[in-house]
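Any read-out appearing in this document is the output of simple, stated calculations on the displayed coordinates, not a laboratory observation. Here the structure is a predicted model, which is why all the values come from computation and not from measurement. Ideal geometry is used to build each Cβ from the backbone, glycine not excepted, and the neighbour counts take in all protein chains shown.
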Amino acid sequence: MSNQVVVHKHRANTIQVDLGFDVSNDIITSEIRTEPSVEAPLIATWDVQFLTDGVDGKLVLSMGLADTDEIALNSGYMDLKRLIDGVGDPVPVFDQPLEVVFRGTVTA
């Protein structure tokens, strides 16, 4: 995955993430916020699913049209939160938050 994630406003968005390790028993969530801080205002939330069964570490992050229609900002930050075996304290997936760029669309 690159260091910058592009989200297109007024469109459904789907990205694939390959973590490279088994997450089949884990709960993974992801949010986009205005700053790289859990206290920063929430912009949007990704729906996180396994591409297959999670053993391969491949995830699909998606966001519907209703979610992106409301985005007025041009940038934000995201990460992935991982609960190993679905319990305990969350652990980081990346070294640092990823920058998110919100791009406008032309065709109505």
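So the values come out like this:
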quantity	calculated
FRET efficiency, 1/(1 + (r/R0)^6) with R0 30 Å, evaluated for residue 24 and residue 75 via beta carbons	0.35
Sorted by Cβ neighbour density within 10 Å, fewest at the top, the residues 50, 21, 102	21, 50, 102
Distance in nm between pseudo-label sites at residue 15 and residue 94 (7 Å out along the Cβ direction from Cα)	0.6
Centroid-to-centroid separation of segment 23-61 and segment 67-87 [C-alpha atoms, Å]	6
Cβ-derived FRET efficiency at R0 22 Å, residue 6 paired with residue 60, nearest 0.05	0.90
Residue order, fewest to most surrounding Cβ atoms within 10 angstrom, among 59, 42, 83	42, 83, 59
Cleavage-rule hits, GluC sites (Glu not before Pro), segment 22-82, DSSP coil, Cβ neighbours within 10 Å at most 16	39, 70
Extended-chain gain in nm, criterion 0.36 nm per residue less alpha-carbon gap, residue 49 and residue 85	11.4 nm
Cα lying deepest toward the dipole's positive end in segment 4-103, options 17, 90, 63, charges on Cβ	63
